[in-house]
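The values are calculated or read from the model by the stated rules, or taken from the named source; none is laboratory data. All figures in this text were calculated on a predicted structure; none of them were measured in a lab. Note: ideal-geometry Cβ built from the backbone for every residue, glycine included; neighbour counts use all protein chains shown. Heavy atoms of the whole protein, side chains included, go into the accessibility calculation; ligands, DNA and RNA do not. Shrake-Rupley method; radii C 1.70, N 1.55, O 1.52, S 1.80 Å.
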Amino acid sequence: MHEAVPGTRAIALVGPAGAGKTCLAEAMLFASGTIDRQGDTAAGTSIGDSSPEARSRGGSTELNLMNFEWLGERFALLDLPGGTGFAADGMRALAVADLAIVVVDPDPARAPLAAPQLRMLDELGIPHLVFVNRIDAARGSIGDLLSALQPLSVSPLIARQIPITTGEKVTGFVDVALERAFHYRSGQPSERITMPAELDAMEAQARTRLLEQLADHDDALLEALLMDETPDLDTIARDLARETGENLGVPLLFGSAANGWGVRRLMKALRHEAPGPDATARRLGVSDPAIYAFKVSHGHSLGRLVLARVLGGELAEGQELHGADARSFRPGALFTLQGEKNQRLAKAPEGSVLALAKADQLHAGEWLARGSLPPAPEVPLPSRNVRLAILPADRKDDVKLSGALHKLAEEDPTLTVEHDEATHELILSGVNEEQLGNALAKLKRRHGVSVTSRAPQVGYRESIRRPVTQRGRHKKQSGGHGQFGDVLIEIRPQERGSGFAFEERIHGGAIPRQYIPAVEQGVRDACLKGPLGFPVVDVAVTLTDGSYHSVDSSELAFRTAGRIGMQEALAGAAPHLLEPIHKVSVVTPAAATSKVSSALASRRGQVLGLGPRDGWDGWDRVEALVPEAELRGLEGELRSLSQGLATYEAAFDHLAELNGALADKVVKGREVEMV
């Protein structure tokens with residue numbers, strides 16, 4: 001007998017882009033009677049993916065929230081984007097979900113696309129099951145799909161169903177646990193039918209396998225099987241719930257969200273086997289009533305909203321809570337969200353997923369609690385490898401742009417904004433070009449700010465090859481006090497990575513002590529742009545001599561003399577160009593490793609080594625040194641070589657000398673910029 005779970009269970013929908021997660025959410029809302037007509041994401045009639053950006057892209061660009069009741073129990077759906085550039089938008093929400101449904105395509109060749117989600121769920125310890133969508137379009141067998149998926153999952157997959165086919169088309173399924181056969185009916189509950197005789201052997205084999213998997217963690221069931229006893233359905237149901245809730249196994253079901261096939265069976269599995277919010281509270285270390293803020297949203301009619309989950313007890317509007325540093329907080333108005341629609345609540349039951357208005361001091365990733373604060377959940381985020389230099393199309397929008405970018409970065413944890421001190425560019429960084437393009441579209445639509453964008457400047461530097469001694473003199477007479485400064489400096493190259501050094505060896509008061517810091521500043525001024533047009537590094541400067549005038553000398557005069565002497569010295573010291581080299585670490589399916597290595601080599605990369613990725617069967621890690629200038633477009637190329645799965649991290653490693661035609665091209669390009 002199923003016991004109702006108190007509170008609201010939060011179910012996350014995850015999986016590769018295009019697997020049909022939002023369509024499945026729509027089908028569940030329809031099957032539960034929450035909506036009277038199932039919307040279509042392609043036609044723009046779905047509750048989720050309602051933003052103009054999502055409609056234009058034809059897929060999710062941000063987290064969708066929905067709610068439904070099914071047979072007297074409450075569920076909240078967290079529909080996470082599957083696209084690489086948008087997946088992080090729902091990661092904090094996933095961390096506090098009770099269970100995740102991994103939605104996959106029935107084609108075994110596309111099974112590896114689910115590897116990142118399955119591995120992440122295993123690592124985070126989040127209970128999950130697999131729903132094979134579009135079973136009506138399946139061309140391979142479920143057995144082949146299981147064989148392709150199993151290496152991607154740490155926990156064993158548990159086949160809950162076997163398909164019934166008519167010709168080459170799947171038309172129904174056998175529930176292995178219940179030993180019952182069903183025929184699909186579009187938009188309606190499946191019809192129970194007599195078990196097809198030709199499936200008797202296959203069903204018996206599948207059921208034996210299911211029971212053996214459950215017996216791995218149930219000694220009583222194992223003993224019953226050894227005694228050839230048939231376990232009752234309550235025992236099987238209890239073990240299935242335990243296997244799922246404790247991540248001992250991953251149930252696999254199938255259907256077709258667009259047709260409503262298998263959706264009600266999936267919802268029954270959620271009702272019977274998904275853990276409740278109390279289990280998630282224990283997993284996250286929640287001991288007192290608390291809420292976790294997982295996202296900030298600025299795109300709603302209610303203004304700035306903080307999306308959060310309630311755990312450990314119910315939450316009332318205005319109830320006093322505290323956050324980090326013991327600061328007090330009273331949540332304002334509480335709302336449930338159904339896509340873009342909202343409904344105000346006086347109280348939120350345990351497990352509720354809701355939106356808080358007037359919560360300006362609350363940010364994503366924070367806990368609020370009545371008692372002790374739980375530890376922050378682990379939230380893995382992808383690398384931000386793509387960068388854009390942006391400028392407002394209208395200079396009057398500078399301040400407006402700054403505020404709008406702050407809001408976008410607050411919404412999306414993988415968007416960062418920074419000012420590059422060396423190039424004076426405003427840099428917007430993200431996961432890929434699609435994500436950054438979406439951000440610029442939001443800037444224009446939501447905030448009315450149009451921008452121009454281009455690739456950021458590469459951080460080229462220059463240095464010298466030989467030592468030089470040079471005098472710098474500044475003398476100017478224009479009525480009244482003049483200006484006079486005279487210095488003699490020696491410059492010499494330093495070891496790569498040493499930076500800039502300045503010292504003085506002035507004797508006999510050739511230059512008064514108060515003017516020496518001005519000389520150093522003038523030398524540093526000259527290093528901001530060397531003779532090739534780039535900042536100068538790895539140079540040591542020694543001030544050895546000079547002269548002054550008792551009336552006309554000043555700090556400004558000696559600063560100017562230092563700059564003049566340094567500029568002339570650099571020009572005569574065999575300047576040469578340096579380019580930044582990054583250490584790149586690529587993780588990729590092993591089938592694409594050779595292609596990835598070739599792609600890195602074609603970008604002047606030096607492959608340092610490759611080997612298996614720790615804990616990931618069938619995956620490799622490739623380490624290489626790649627010039628920064630060659631990283632542009634690498635993210636897209638790696639994904640095109642690996643079914644969209646390869647990712648990389650890059651970090652500055654060192655500066656290396658660049659010569660020949662490539663150096664000439666860079667210098668000429670700099671000269672054109674300066675014209």
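Of note:
- Selected residue [of a type outside the set (Gly, Ala, Ser) and surrounded by 14 or more Cβ atoms within 10 Å (Cβ to Cβ)] from LYS396, LYS400: LYS400
- Of all the numbered requirements in (1) farther than 25 Å from VAL5 by Cβ; (2) open to solvent by 40 Å² or more (accessible area, probe 1.4 Å); (3) within 31 Å of the chain's Cα centre (by Cα); (4) of a type outside the set (Asp, Glu), ARG283 misses one, and that requirement is (1).
- Considered as a group, the residues in the range 197-232 that are touching a Gly at 6+ places or on another chain (Cβ under 9 Å) and outside any helix (DSSP H, G or I) include one that is most open to solvent (accessible area, probe 1.4 Å), and that residue is ASP216.
- Any pair with Cβ under 9 angstrom, 6 or more apart, that starts in the range 409-420 at a residue that is without any contact (Cβ under 8 Å) to a residue 60 or more places away in the chain and ends at one that is part of a loop (DSSP other than H, G, I, E, B) and open to solvent by less than 30 Å² (accessible area, probe 1.4 Å): ALA409/LEU415; LEU415/VAL431; ASP420/PRO456; ASP420/GLY459
Here's the yes/no breakdown for (1) among the acidic types (Asp, Glu); (2) within 20 Å of VAL296 (Cα to Cα); (3) outside any helix (DSSP H, G or I):
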| site | (1), (2), (3) |
| --- | --- |
| GLY371 | no, no, yes |
| GLU378 | yes, yes, yes |
| LYS400 | no, yes, no |
| LEU408 | no, yes, no |
| SER429 | no, yes, yes |
| LEU443 | no, yes, no |
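- Residue, nearest to GLY276 (Cα to Cα), within the range 233-249, restricted to residues that are open to solvent by less than 40 Å² (accessible area, probe 1.4 Å) and free of Cβ contacts under 8 Å to residues at least 40 places away in the same chain: ALA241
- The sole residue among PRO108, PRO156 that is touching a helix residue (DSSP H, G or I) at 6+ places or on another chain (Cβ under 8 Å), surrounded by fewer than 23 Cβ atoms within 10 Å (Cβ to Cβ), in contact (Cβ under 8 Å) with a residue 40 or more places away in the chain and closer than 22 Å to GLY18 by Cβ is PRO108.
- Condition met for ARG465 (out of contact with any Ser or Thr (no Cβ under 8 Å at 6 or more places or on another chain), surrounded by fewer than 13 Cβ atoms within 10 Å (Cβ to Cβ), modelled with pLDDT under 95 and charged (D, E, K, R)): no
- Taking the criterion of being in contact with a Gly (Cβ under 8 Å, 6 or more places away or on another chain) and buried (at least 16 other Cβ atoms within 10 Å of the Cβ), the residues of the range 120-151 that qualify are PRO127, PHE131, VAL132, ASN133, ARG134, ILE135.
- Out of ASP288, ASP228, sole residue that is touching a Ser or Thr at 6+ places or on another chain (Cβ under 8 Å), farther than 30 Å from ASP40 by Cβ and at pLDDT below 95: ASP288
- Residue, surrounded by the fewest Cβ atoms within 10 Å (Cβ to Cβ), within the range 617-631, restricted to residues that are among the charged types (D, E, K, R) and modelled with pLDDT of 95 or more: GLU623
- The lone exception for ARG309 - which of (1) open to solvent by less than 10 Å² (accessible area, probe 1.4 Å); (2) more than 30 Å from THR61 (Cβ to Cβ); (3) of a type in the set (Lys, Arg) it fails: (2)
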